[in-house]
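Working notes, structure below.
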Amino acid sequence: MKKIQILGRGFDPVTMEEAQARLADFVAEGNSHLVITANPEMVIKARGDQLLAEIMDRADLVVADGIGVVWASRVLGKPVPERIPGIELAEGLLAQASRQGWKVFLLGGSEGVAEEAAQSLQRSFPEIKIVGTCHGYFSSGEEGEILKKIDREKPHILLAALGVPRQEKWLAAYLGTLKIPVAIGVGGSFNVWAGVDKRAPLWIRKVNLEWLYRVIKQPWRIKRLAALPIFALAVIWSRFKQGR
């Protein structure tokens, strides 16, 4: 399917069900695939970060993680089918992994968080094969050993919680070496699975105000909201230029 362009970045027009099917196809193919869940903040970052922009353009699947992206696609006249939250995309993939026997590696988070997340996921998906974990606060000198550890385990799925854009850049740099069928940057998902953070109640998610809930719970996030008006104005200007 042809990607939908939003401020120069391409998004795949897929539903959650279609995205899950694509992920299963990636595992079956066996080649390396990078999956990106992008929100307005990432789109704005990419405008000033050529490497991130190139990584997004080369990714095998880019989904709309953020109601702002869904809004933008509608304003620009080529709507994506729905919002696909990264944590829900990952959980759906993990459910598939549990059923299919795919191996999973968790990389990222603070010391001990990946291990706690793995234990929680093991309770949710008793049959899942989590073959390794590692925190995300490693130095460049430690990368070689981490790469060897991941390569030894030969996971089908690598979830990286290193923050944007570090996780996307790290995966893009090493995915060819590791040859992992599905690699996804999952941001703060490990913290949620480990019980460090809580997601917004379901009713808040349904009215697309999860971002506001996060800011209220974690006021430090308010600095990141600066990208939203920039994104909105850029989308409106792009729509205006289309109509000229």
Query raised in the report: What's the number of the condition ALA118 fails, among (1) within 13 Å of ILE184 (Cα to Cα); (2) touching a strand residue (DSSP E or B) at 6+ places or on another chain (Cβ under 6 Å)?
Result: (1)
Query raised in the report: Restricting to segment 46-99, what's the tally of residues that are in a loop (DSSP other than H, G, I, E, B), under 20 Å from ARG199 (Cα atoms) and of a type in the set (Val, Ile, Thr)?
Result: 1
Query raised in the report: Restricting to segment 100-117, what's the tally of residues that are over 22 Å from LYS179 (Cα atoms) and assigned to a helix (DSSP H, G or I)?
Result: 4
Query raised in the report: Looking at GLY163, is it touching a Lys or Arg at 6+ places or on another chain (Cβ under 8 Å) and either surrounded by fewer than 23 Cβ atoms within 10 Å (Cβ to Cβ) or under 19 Å from THR37 (Cβ atoms) (or both)?
Result: no
Requested in this report: Give me a count of the residues in segment 205-244 that are closer than 18 Å to GLY86 by Cβ and among the aromatic types (Phe, Trp, Tyr).
Outcome: 3
Report summary line: Within segment 132-158, residues part of a loop (DSSP other than H, G, I, E, B) and surrounded by 13 or more Cβ atoms within 10 Å (Cβ to Cβ) come out as HIS135, GLY136, PHE138, PRO155, HIS156
Query raised in the report: Has segment 207-228 got at least one residue that is out of contact with any Pro (no Cβ under 8 Å at 6 or more places or on another chain), surrounded by fewer than 14 Cβ atoms within 10 Å (Cβ to Cβ), at pLDDT 85 or above and of a type outside the set (Ser, Thr, Tyr)?
Result: no
Report summary line: Scanning segment 176-200 for residues that are among the β-branched types (Val, Ile, Thr) and closer than 30 Å to GLU29 by Cα, the one surrounded by the most Cβ atoms within 10 Å (Cβ to Cβ) turns out to be VAL182
Report task. Return yes when SER189 is modelled with pLDDT under 95 and among the small types (Gly, Ala, Ser) and no when it is not. Result -> no
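For (1) surrounded by 20 or more Cβ atoms within 10 Å (Cβ to Cβ); (2) among the small types (Gly, Ala, Ser); (3) at pLDDT 95 or above, each residue gets a yes or a no:
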site	(1), (2), (3)
ALA24	no, yes, yes
THR37	yes, no, yes
ALA46	yes, yes, yes
LEU52	yes, no, yes
ASP57	no, no, yes
GLY86	yes, yes, yes
ALA90	yes, yes, yes
**Report entry** Among residues of segment 29-45, those that are free of Cβ contacts under 8 Å to residues at least 60 places away in the same chain and outside any strand (DSSP E or B), counted
**Finding:** 1
Report summary line: In segment 71-84, anything surrounded by 18 or more Cβ atoms within 10 Å (Cβ to Cβ) and among the charged types (D, E, K, R) is listed as ARG83
Report task. Output the residues belonging to segment 190-244 that are of a type outside the set (Ser, Thr, Tyr), farther than 19 Å from ALA90 by Cβ and in contact (Cβ under 8 Å) with a residue 40 or more places away in the chain. Result -> ASN208, ARG224, ALA227, LEU228, ILE230, PHE231, ALA232, ALA234, VAL235, ILE236, ARG239, GLN242
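The values are calculated or read from the model by the stated rules, or taken from the named source; none is laboratory data. Quantities reported herein were computed from a predicted structural model and do not represent experimental measurements. Neighbour counts are summed over all protein chains in view; Cβ atoms, including those assigned to glycine, are modelled from backbone coordinates with ideal geometry.
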